[in-house]
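Since the structure comes first, as structure tokens, the remarks are kept for the end.
The values are calculated or read from the model by the stated rules, or taken from the named source; none is laboratory data. Since this is a predicted model, take the numbers as computed values, not measurements. Cβ atoms come from the backbone with ideal geometry, glycine included; neighbour counts cover every protein chain shown. Ligands, DNA and RNA are stripped out before the accessible areas are found, and what is left, the full protein with its side chains, is counted by its heavy atoms. Shrake-Rupley method; radii C 1.70, N 1.55, O 1.52, S 1.80 Å.
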Amino acid sequence: MANVILVGAQWGDEGKGKIIDVLTEQSEIVVRTQGGNNAGHTVFVGKDKYVLHLIPSGILRKDKVCVIGNGVVLDPVGLVKELDGLAKLGVTVTPDNLQISETAHVVFPWHRELDGARESRKGKDRIGTTKRGIGPTYGDKAARVGFRVIDLIHRERFPVRLQERLAENNEVIKALGGTPLDYDAILAEYTAAADRLRPFVTNTVVYLHEATRRGANILFEGAQGTFLDIDHGTYPYVTSSNTTAGGASTGSGVPPNRMDKVVGVMKAYTTRVGEGPLPTENAEISDLLHGMGREFGATTGRARRCGWFDAVATRHAAMVNGIDELAITNVDGLDSVKTIQVCVAYEVDGRRLKHLPSDCEILAACVPVYESFPGWQTPTDHITRWEDLPVNCRHYLLSIAQMTGARLTITSVGPAREQTMFL
Ligand code: GDP
Ligand code: IMO
Ligand code: MG
């Protein structure tokens, strides 16, 4: 299958976890390269449901190696909990099938405190973060005061640096009206987590380079989505990493000229969890999907905001990611809709825009221009062959793929592995 980068082409939660699980069959190694446990990737194996936050979704397949790359921000206590959760579900994770980059950055309790405190102070202008400390951890990385995994597992260096960093961060927490954090408690918790994780820690850059040289198939598992990208998203309503295809290289150390293909995952409609503009947001489709018990966040449980498919946005996503192939998921979510709308342009101040404006305030003021498609109004979740999908459904999917500007290769009509069709 060669080296494949998989990205979310919308605002996250496109069904990346499910598609990664399916594509892992043809890969040897699955790598997470950015983000942290703000991600929630859902995979069903039979009736068993798994939600992966930091560990790549490839972990559920035997004999695959998963890598947490250098671009990830890692909450060690959260990761140990995730390992324990998988063990309870019968998934064995050992240093043979999980490797952690020694240069990934570490999330601390003060990052979570600051994430929450900044959100509260912003009031109505809040980003709606997952409060997992992601932004402050990447902030420390960029400010060159972060801890890397090698610092976490270093027995002598860790306690000393912890004291230094905690002292400064407690000053900030106090200034923001919070309660200072306790050194001994953090030391005990983080030392215990470091002891658990030490055997998994390695130089993943060298490992991936050697794997590339021997021709291994590597799958790069994107987290979040294009419009949550720190550079290309709806700033400031974004996450703090590069969720677009370039992040796969910087976050793993595998250079761009070793990448073979970019697969974009998108839903047949649009969702977003958290604040920020969502031009096609629509109460009718939100109510429909929530009424079916769908579109509640895998990490925070929040109801996702829902809207019609936005082809202006996905065309932009195809551009910045270089998407070659598309996987469209949650097609069955539209099964009962009589007339489906697709946003083909935006209108603002009497002008028609074919591209996403960079200014979030302008994007928020954009009114979608819709093209209507006849629905298929019949269940699709039992269908296993593309040819058997209703003709209106195939027409809709091929149309939105064409508007996006990439080739449709995978269609998904349900959360299970079997509910996947290859074109
Ligand atoms: P991710 O973050 O991109 O991995 O996506 P999430 O797991 O957060 O959210 C996607 C949700 O859609 C999960 O509950 C999946 O089980 C579910 N899902 C994925 N593909 C399909 C599909 O084709 N149909 C249905 N009904 N559910 C799907
Ligand atoms: P997966 O990988 C959807 C959103 C948050 C918030 C913004 C910033 O499951 O698709 P952060 O905690 O990262 O600082 O929050 O980004 N967000 C996601 N939305 N899916 C995700 O991950 C997300 N990870 C972060 O809701 O709007
Ligand atoms: Mg998710």
* To do: Can you run down the residue pairs with Cβ atoms below 6 Å, 6 or more apart or on separate chains, where the first is in the stretch 356-375 and in contact (Cβ under 8 Å) with a residue 40 or more places away in the chain and the partner is acidic (Asp, Glu)?
  => Val367/Glu347
* Can we say Tyr346 is of a type in the set (Phe, Trp, Tyr) and open to solvent by less than 10 Å² (accessible area, probe 1.4 Å)? -> yes
* Pick out the one residue from Gly46, Gly15, Gly69 that is under 22 Å from Arg272 (Cβ atoms) and among the small types (Gly, Ala, Ser). => Gly15
* Asked: Would a scan of the stretch 8-30 turn up a residue that is near ligand 2 (Cβ under 10 Å from one of its atoms), part of a strand (DSSP E or B) and among the β-branched types (Val, Ile, Thr)?
  -> no
* Structure fact -> Within the stretch 400-416, the residues that are assigned to a helix (DSSP H, G or I) and either touching a His at 6+ places or on another chain (Cβ under 6 Å) or open to solvent by 20 Å² or more (accessible area, probe 1.4 Å) (or both) are Gln402, Met403
* Filter result for the condition that a residue is touching a helix residue (DSSP H, G or I) at 6+ places or on another chain (Cβ under 9 Å) and closer than 22 Å to Gly301 by Cβ, over Pro109, Pro76, Pro136 -> Pro109
* Asked: Identify, please: which residue in the stretch 12-34 is near ligand 1 (Cβ under 10 Å from one of its atoms) and open to solvent by less than 10 Å² (accessible area, probe 1.4 Å) and is, among those, nearest to Leu54 (Cα to Cα)?
  -> Gly17
* Within the stretch 385-393, is even one residue within 16 Å of ligand 1 (Cβ to nearest atom), over 18 Å from Gly15 (Cα atoms), surrounded by fewer than 15 Cβ atoms within 10 Å (Cβ to Cβ) and not aromatic (Phe, Trp, Tyr)? -> yes
* Asked: Can you name the residue in the stretch 296-320 that is modelled with pLDDT under 95 and open to solvent by less than 50 Å² (accessible area, probe 1.4 Å) and is also farthest from Lys261 (Cα to Cα) among such residues?
  -> Gly301
* Filter the stretch 81-117 for residues that are part of a helix (DSSP H, G or I) and of a type in the set (A, V, I, L, M); which is surrounded by the fewest Cβ atoms within 10 Å (Cβ to Cβ)? -> Ala87
* So, of the residues in the stretch 345-367 that are out of contact with any Phe, Trp or Tyr (no Cβ under 6 Å at 6 or more places or on another chain), within 22 Å of Ala406 (Cβ to Cβ) and not in a loop (DSSP other than H, G, I, E, B), which turns out to be nearest to ligand 2 (Cβ to nearest atom)? -> Tyr346
* Test: Asp332 is open to solvent by 50 Å² or more (accessible area, probe 1.4 Å) and of a type outside the set (Ser, Thr, Tyr) -> no
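One line per residue, one yes/no per condition, for (1) in the same structural domain as Val22 (by TED's automatic domain parsing); (2) in contact (Cβ under 8 Å) with a residue 60 or more places away in the chain; (3) under 24 Å from the mean Cα position of the chain (by Cα); (4) away from ligand 1 (no atom under 16 Å from the Cβ):
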site: Ala188; (1), (2), (3), (4): no, no, no, yes
site: Leu208; (1), (2), (3), (4): yes, yes, yes, yes
site: Gly215; (1), (2), (3), (4): yes, no, no, yes
site: Ile218; (1), (2), (3), (4): yes, yes, yes, yes
site: Glu221; (1), (2), (3), (4): yes, yes, yes, no
site: Pro236; (1), (2), (3), (4): yes, yes, yes, yes
site: Ser240; (1), (2), (3), (4): yes, yes, yes, yes
site: Thr244; (1), (2), (3), (4): yes, yes, yes, no
* For the stretch 87-104, enumerate the residues that are over 25 Å from Gly146 (Cα atoms), aliphatic (A, V, I, L, M) and touching a residue at least 24 places away in the same chain (Cβ under 8 Å). => Leu89, Val91, Val93
* Asked: Just for strands (runs of 3 or more DSSP E) wholly inside the stretch 233-344: which have at least 1 residues that are more than 26 Å from Arg126 (Cα to Cα)?
  -> 261-267, 325-329
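Does Glu281 satisfy the criteria of being in contact with a Phe, Trp or Tyr (Cβ under 6 Å, 6 or more places away or on another chain) and within 16 Å of ligand 2 (Cβ to nearest atom)? Quick ask: steps written out before the conclusion?
Numbers: in contact with a Phe, Trp or Tyr (Cβ under 6 Å, 6 or more places away or on another chain): no; within 16 Å of ligand 2 (Cβ to nearest atom): yes.
Here the answer is no, as Glu281 does not meet what is asked.
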* If you take the residues of the stretch 35-56 that are modelled with pLDDT under 95 and touching a Lys or Arg at 6+ places or on another chain (Cβ under 9 Å), which of them is surrounded by the most Cβ atoms within 10 Å (Cβ to Cβ)? -> Val45
* Does Met292 count as open to solvent by less than 20 Å² (accessible area, probe 1.4 Å) and within 13 Å of ligand 1 (Cβ to nearest atom)? -> no
* To do: Determine, yes or no, whether Lys16 is within 16 Å of ligand 3 (Cβ to nearest atom), at pLDDT 95 or above and over 16 Å from Tyr138 (Cα atoms).
  => yes
